[in-house]
Structure formats: structure tokens, C-alpha cells
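First up is the structure itself, then whatever we jot down about it.
The values are calculated or read from the model by the stated rules, or taken from the named source; none is laboratory data. Computed from a prediction, not measured in an experiment: that's the story for all the values here. Cβ placement follows ideal geometry from the backbone for every residue including glycine, while neighbour counts extend to all protein chains displayed. Each accessible area value is taken on the protein alone, full model and side chains, heavy atoms only, with ligands, DNA and RNA left out. Shrake-Rupley method; radii C 1.70, N 1.55, O 1.52, S 1.80 Å.
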Amino acid sequence: MTAVELPGDVELVAAYRAGNDGAATELVRRHGPSLARYVHAVGAAPSEVDDVVQETFFRAFRRLDSWRGESSLRGWLCTIGANLVRDEFRKRRGRLVVSIEDRDLPDTADPYAEVVADEAEARLRAGLGGLPRLQREVFLLRAQQGCDYDHIARTLGTTPGAARVHYSHAVRRLKELVS
Amino acid sequence: MSDCDRLSERMPLVAAGSEEWSAAESAHLATCAACRDEWKLLVATRGLGSEVVLRASPDVMAATLLARLRQVEQEDRRRRRALAAGTWGGLALVATTLLVVMLRAPEPTTAAGGDSVQVAVAAAPFEIGLPELDGAEREELQAVLDALDAPLAESTTLDGGATDGVETEDLERVLRAWEG
């Protein structure tokens, strides 16, 4: 586990608890961008990402005592963020937001390829929206965040074996959409 | 573990750029459609949301976060103080109420010049079993009571005036019962 399990997280959390505000800033700097991408992938609209990330950090810092370092801090943050997005979705009682309308289309030399890429991403997002919540979160923690199965299991309160099964099912369902 | 399973295990690390495919793994990818599809899916997912950028810089976000945490902690402290004050106030109110109730409890009546022990005794129901009187006639009982009620100056056990109507034997029986 290398991409997500940053070695300094435990020390940074301990430093923050001891009164070092700089440690909190470093944690936000380290995990903010990935968290933003994750909550967007689980359904937050681009215009809401900042608020969701801010609220995720707030809730996480309020209960830092419950994070003991056995699971990945980023995975833990992602789970809190996903719960926030899910709660917001329930409040609105609407479909999962998978809009890409807020995104500015970049200038490219090959607009056709860009359109195809957009369509593929749209299909992927729609596919993710159609997955059961646990499959979606396991898949994103593994594929997007690079977490290993042990950390995924500890973060989501399941077993590594169950996490592998969820991932395998998610891959099977999504492969057809992306290919 | 099959070749496909081994590649699947390694895909997130290679997609993150922290590891590379070996020559054998690259060769497998070139020939295995299932692994190629999974790899494409992983790369697409890895890039998902790459255009999403936080509007606030991490420093600004952290400063906002810390300010909010401090505010909430202050509110928590105020709430705890108010709760503690309310708890002590409530206990004081209960104690005061109990004290008032105890101080205002009705006092039993006392005989003139009597002390607290006699008052307690006088207030309690007072019964003495006198089986010797069980067989006495009504007139005999009344005579005994009259003798007891008569002022001391008017009666004496010597002259027996108040007990004229009572047979001597009955009176002696009563006196013996009283004297034990």
C-alpha cells in the first residue's frame, strides 16, 4: 500500500491533537484534491465539491479520536465524504448527480476524440451510479484511490475477502460500459 | 493465483504510477482481452474527476476549517458550563424544597409543662390490656372511670367515696391488674 497510505498521517494527526494547527493544514493539502475527485466520482456535482470536502474535513476532525491509524486516513475521509453525498442525495430524493455540464471543455486538436472520451466518461459515471453503494465505494477506493483490500475492509467495516468480491462484481458490470 | 488475478492485484499500483508492468505482464495484457478491459476501466476511473479542482486553496480551506472547529469547541464548552450550572441549581432547588417541607411539618400537640418525651407518649395511641375488666359490668366500668376522672382533692383511695358503687372485690381486682 503506497499510493494512499502516506506514512506521515499518523504523526500529523497526533501533532494536530497536540495543538499544532499546521498539521491540519498539511492534512488538508495532502488529501483535499483526492477527496474532491472521489466525492465527485460518487456523485457530488462539481459546484458542490468544495462544500462536501469542507464538511468532510470538519466531521473528520471532530471525531479524530475514532481514527486509530489502522485504516487509511484517506480511505476514512472518502467514506465520510461518500456518506455526505449519499445523505444529500436522499434529502433531494433525486437521481444521482452525474452531470458534466459544469466542466469546461478544453481545446484539443481532435474534438472528435474528446467527444468520444466525454461519452466514455459519461458512461462510466452512469455505470458507477448504477452500482450498489458498497460495490461503488470499494471499486473507487481501489481503482481511483489505490487503497489495498485490507485498508478498504477496515475503512468500510467489512473483510478483505468481501472487498475483493465487491470489486470483482463492480469490474464485471463496468467493463461492458467502458469497452 | 492465475495470471489474470496477479495482474488485477497490481493494476492500481501500476495505474498510480508507483510500479510498472514486467515484460511478462505486458505480454499477457497484449493477449488477454479480459485483463485489457479491466486495465482500461482502471485507467479511466483513475482519471475520473481529474478536471475537478477545489476552488479554495488548501491553506484557505484549512483556515476556514480551524476557525469553525474553534467556534464549535467554544459552543461545546458554553453548553457544558450551562449544563453544570443547571445541574447544581436543580440539586439546590430540591434540597431547599426538602428543607422547607421538613421545617413546616405539623408538630404534635403538647401538654402544659410537658417535655418532649411525654408529648410523644401522650400523642401515641395508648392501650393497656386489662383482662380483669373484660368481665366487669357496665356500671362497674363506669364507676372505675368516674373514680379516675374525679379531681384528686375530691377523692382518695382511703375514703373510697368515689367508688362506693363498686364492689370491693372488683376494685381490688382492678387495682391488682394496674399495679401488676
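Taking R0 as 25 Å, what FRET efficiency do you get between B:VAL60 and A:LEU134 from their Cβ-Cβ distance, rounded to the nearest 0.05? With a Förster radius of 25 Å, E is 0.15.
When accessible surface is computed with a 1.4 Å probe, chains A and B are found to bury approximately 3700 Å² between them, both chains counted. A 1.4 Å probe run over region B:46-94, with the rest of the protein chains in place, finds 69 Å² accessible per residue. Distance between the 7 Å Cα→Cβ label points at B:LEU93 and B:ALA23: 8.6 nm. Check each residue of region B:4-21 and keep those whose accessible area, probe 1.4 Å, is at least 50 Å² smaller with all protein chains in place than in the chain alone; give them in order of residue number. Buried by 50 Å² or more upon assembly, which counts only protein chains, are B:GLU9, B:PRO12.
In region B:41-55, burial by the other protein chains removes 20 Å² or more of accessible area from B:LEU41, B:LEU42, B:ALA44, B:THR45, B:ARG46, B:LEU48, B:GLY49, B:GLU51, B:VAL52, B:LEU54, B:ARG55, compared with the chain on its own (1.4 Å probe, ligands and nucleic acids ignored). Annotation: extensible slack from B:ASP76 through B:SER50 equals 5.5 nm (criterion: 0.36 nm per residue apart, minus Cα-Cα distance).
Spin-label model, A:SER168 to B:ALA67: label points 7 Å out along the Cα-to-beta-carbon direction sit 5.1 nm apart.
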